[in-house]
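One structure is given here, and the rest of the page talks about it.
Each value in this text was obtained by applying a stated rule to the coordinates, not by laboratory testing. These numbers were taken from a predicted model, which means no experiment stands behind them. We place every Cβ from the backbone using ideal geometry, glycine too, and count neighbours over all the protein chains shown.
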Amino acid sequence: MKKMFLVLVLLHFDGVFGVDPDKVKSVSVMEGDSVTLHTDDTEILRDDVLQWMFGAQNPDTVIAQINREANITSIMDEQLRFRLQLNDQTGDLTITNITTAHTGLYKVQIITNTISFNIFNVTVYARLPVPVIIRDSSQCSSSSKCVLVCSVVNVTQVTLSWYKGNSLLSSISVSDLNRSLSLHLECVDDSYSCVINNPIRNQTKHLNITEVCQPCSSGTTAVMDHDWMGQVSDHLDVSDV
């Protein structure tokens, strides 16, 4: 008797399972905003079945679908029910009031005689706090010197920077929750600012010299101590600033 063997080959590509990474569409959105994922179709035909799927690593859970033949349009995911809007004509999916929990992969597949699909890699960035600027008086050796500390709390994947006007003085990438950036000056003026940003938004805190440091006297230019310029320090108690 002849024996027959069935061999199952499993292929894995970097990024999304079985998909060319170059064909995955990247979408960035801020927490609380709305985003629409487009099917690139102008109309769902009479016999089409459309499914939207979601997963943090692999889009394998059906969250919404249109069955044109059965005349059914439905939102399947209970947690997303009040956030999802499905366009009955094009199949476009809108997610309202999006949160960081909705970061992940979204796949739309249209089933007719064949199956076509698009995949979206959606990144949701948390809202940015306004940086806090204080004077660290413990670091001042004289009344004319000033150590400015700019702090942010409860943030990830952002950059914190000091500017004088439009000129970048120093910056750090913040991967943990609580970080600060110090700048040591002989004197200051109101052209300094601290900026926190991610790839799609930024928040700026402008220095108020009447609140934190002795202003430069008339005709005096702010001088940076290069031993301190751009020094990064972990603020010991940033939750209190």
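Annotations
- Least to most buried among I110, I63 (fewest other Cβ within 10 Å first): I110, I63
- Translational D in µm²/s for the stretch 82-173 (Stokes-Einstein at 4 °C, 1.567 mPa s, Kirkwood Rh from C-alpha pairs): 71
- Counting every other Cβ atom within 10 Å of each residue's Cβ, V130, V195, V158 order from fewest to most as V130, V195, V158.
- Compactness check for the stretch 24-125: Cα Rg over 2.2 N^0.38 Å is 1.01.
- Net charge, N113 excluded, C-beta distance under 11 Å - Lys, Arg +1, Asp, Glu -1: -2
- FRET efficiency for L168 and T36, using Cβ-Cβ distance with R0 set to 35 Å, rounded to 0.05: 0.50
- Look at H206, H102, H38 and count the other Cβ atoms within 10 Å of each Cβ; fewest to most, that gives H206, H38, H102.
- Using a Förster distance of 22 Å, the FRET efficiency for T61-T90 (Cβ separation, nearest 0.05): 0.50
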